[in-house]
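Notes to accompany the following structure.
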Protein chains: 2
Amino acid sequence: MSVLASPVPAVEYDGCPVTRAIHRLGEKWTLLVITLLGRRPHRYNELHRGIEGISQRILTRTLRLLEADGLVARTVHPTVPPQVEYRLTAAGESLLVPLGALAAWAVENY
Amino acid sequence: MSVLASPVPAVEYDGCPVTRAIHRLGEKWTLLVITLLGRRPHRYNELHRGIEGISQRILTRTLRLLEADGLVARTVHPTVPPQVEYRLTAAGESLLVPLGALAAWAVENY
DNA sequence: CAGCATCCAGAGCGATACTG
DNA sequence: CAGTATCGCTCTGGATGCTG
């Protein structure tokens, strides 16, 4: 969003990577999922049990969107029963830095 | 969100200042309004004209929420016709720093 | 100019049941 | 265990018209 036309076109705003990232992070459970995965990898039900109030449907959707964004990696171990591990990618890990700065700001100002 | 219980209670997550800040920033037009006000103060219709696709209702609500959060100051000049100026508060200005870091990350990784 | 009141559509989120 | 399928609802966001 370096140079903004005036009026700011809706298409330009929606297409901006900063906007897209903020809107993804702003979804209801995204921050918590990233925070948990930022500590260590988790299995699916481990996340499900670890987050009070999230439904399977929404947890799955949240994880899939983060995977599509390249922030989370999903690894299936073809065992019986199946075992699926979620962890942050390198990009996901790198998010923790600016996110930590924003968190520190929020604690002070919110 | 320094020490998370397991499972993370919904109440604790919702009450966390980081969560609240991210959720506010994630609302549809918040980032753009903050960005514009980060450049200079704006009058109401200046913002309205400057943001393609936003309705008066939503612009007003966005500004009022940011005002309630202490990020935006609203100044009414009792002239005829009325003139209302919106600008970032000191807290709002301070947000631009971590937000800039997040923006730089997003440009690289999103 | 800077809104408010009213009404409305749809996205997002959730509960529940079921399955490879 | 790790999901998918359906259905339903809340609640954000939007369109329109009016006003101090």
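In table form, for the structure just shown:
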quantity	calculated
Residues satisfying the stated conditions in region A:7-33, i.e. away from DNA strand C (no atom under 14 Å from the Cβ) and under 14 Å from A:Asp69 (Cβ atoms)	A:Pro17, A:Val18, A:Ala21
Residues of region A:67-83 satisfying the condition of being at pLDDT 95 or above, surrounded by fewer than 14 Cβ atoms within 10 Å (Cβ to Cβ) and either within 8 Å of DNA strand C (Cβ to nearest atom) or of a type in the set (A, V, I, L, M) (or both)	A:Ala68, A:Val76
Any pair with Cβ under 8 angstrom, 6 or more apart, that starts in region B:76-91 at a residue that is closer than 18 Å to B:Leu36 by Cα and within 14 Å of another protein chain (Cβ to nearest Cβ) and ends at one that is of a type in the set (A, V, I, L, M) and part of a loop (DSSP other than H, G, I, E, B)	B:Leu88/B:Leu71; B:Thr89/B:Leu71; B:Ala91/B:Leu71
Of the criteria (1) surrounded by 15 or more Cβ atoms within 10 Å (Cβ to Cβ); (2) in a helix (DSSP H, G or I), which one B:Arg87 fails	(2)
Qualifying residue in region B:95-104 (condition: closer than 22 Å to A:Leu4 by Cβ, in contact (Cβ under 8 Å) with a residue 40 or more places away in the chain, buried (at least 21 other Cβ atoms within 10 Å of the Cβ) and within 9 Å of chain A (Cβ to nearest Cβ))	yes
Restricting region A:34-61 to residues that are more than 10 Å from DNA strand C (Cβ to nearest atom) and among the hydrophobic types (A, V, I, L, M, F, W, C), the residue that is farthest from B:Trp105 (Cα to Cα)	A:Leu47
Hey, A:Ile34 closer than 29 Å to B:Val97 by Cα and surrounded by 15 or more Cβ atoms within 10 Å (Cβ to Cβ) or not	yes
Matching residues, region A:1-56, being more than 9 Å from chain B (Cβ to nearest Cβ), in a helix (DSSP H, G or I) and touching a residue at least 24 places away in the same chain (Cβ under 8 Å)	A:Val33, A:Ile34, A:Leu37, A:Gly38, A:Tyr44, A:Leu47
Residues of region A:18-48 satisfying the condition of being within 12 Å of the chain's Cα centre (by Cα) and polar (S, T, N, Q)	A:Thr30, A:Thr35
Selected residue [among the β-branched types (Val, Ile, Thr), within 16 Å of DNA strand D (Cβ to nearest atom) and under 19 Å from B:His23 (Cβ atoms)] from B:Val76, B:Val84, B:Val72, B:Val80	B:Val72
Residue ID - nearest to the chain's Cα centre (by Cα), chosen from residues in region B:90-110 that are assigned to a helix (DSSP H, G or I) and more than 18 Å from A:Ala104 (Cβ to Cβ)	B:Ala106
Filter pass, B:Arg64 being within 15 Å of DNA strand C (Cβ to nearest atom), charged (D, E, K, R) and farther than 30 Å from A:Glu52 by Cβ	yes
Residues of region A:44-59 satisfying the condition of being surrounded by 14 or more Cβ atoms within 10 Å (Cβ to Cβ) and either within 11 Å of DNA strand D (Cβ to nearest atom) or on the phi < 0 side of the Ramachandran plot (or both)	A:Tyr44, A:Glu46, A:Leu47, A:His48, A:Gly50, A:Ile51, A:Glu52, A:Ile54, A:Ile58, A:Leu59
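The values are calculated or read from the model by the stated rules, or taken from the named source; none is laboratory data. Quantities reported herein were computed from a predicted structural model and do not represent experimental measurements. Reconstructed Cβ throughout: ideal geometry from the backbone, glycine too, with neighbour counts over all protein chains shown.
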